[in-house]
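To keep things clear, I will list the structure first and then write my remarks on it.
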Amino acid sequence: MKTIQDTIEEMKHKVQRAEAHSELKTAAQLQKEFAKQQASMVAVLGRQQKELRQVQQDLEELRGKRSSDGGFPWGLILVAGGAYALYRTNPSVRETVQDLLKRVNPGIEGNLTRAGDAVSGMAQGDSPRSALSTAGGELRRAGEKAVDSAEDKLK
């Protein structure tokens, strides 16, 4: 006859075997689920890689078309047209452009404008010595150009 202790031990072993079996079953299910997730992820990555290749091919085709056009600069024409329209319709832009052109002008007017800019630079904190030196140089060049122009007219 079995004693209570033997029965308890037997039950204990059955429970342990059931736990081990349950753990193995759970582990197998988890592995299957993990494998499914990995397969799904691989499929998604494959599709993304395919899409990236297509985008890369499209970009290469665009580059090829762009460089093989040889080139009428339509973009530059559009920018120039927009700038011209802005110049014609906006008085402040027109004044700014004309002011910049005066500064770039290599003639007497340009020298006088740059001399005025140098003197007004002192009000903005520039060194008086360098500002006056720059203004003097510009005025000297303006004078030289005026004398050269007068000599040319006399000849």
May I ask you to list pairs of residues, at least six apart or on different chains, whose Cβ atoms are under 9 Å apart, with the first in segment 41-64 being in contact (Cβ under 8 Å) with a residue 40 or more places away in the chain and the second being exposed (fewer than 10 other Cβ atoms within 10 Å of the Cβ) and among the polar types (S, T, N, Q)? none
Check residue 102 against each of (1) over 27 Å from the mean Cα position of the chain (by Cα); (2) more than 30 Å from residue 138 (Cβ to Cβ) and name the one condition it does not meet. (2)
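No value in this document is a laboratory result; all are computed from the given coordinates. Keep in mind it's a predicted model, so treat the numbers as computed, not measured. Cβ atoms come from the backbone with ideal geometry, glycine included; neighbour counts cover every protein chain shown.
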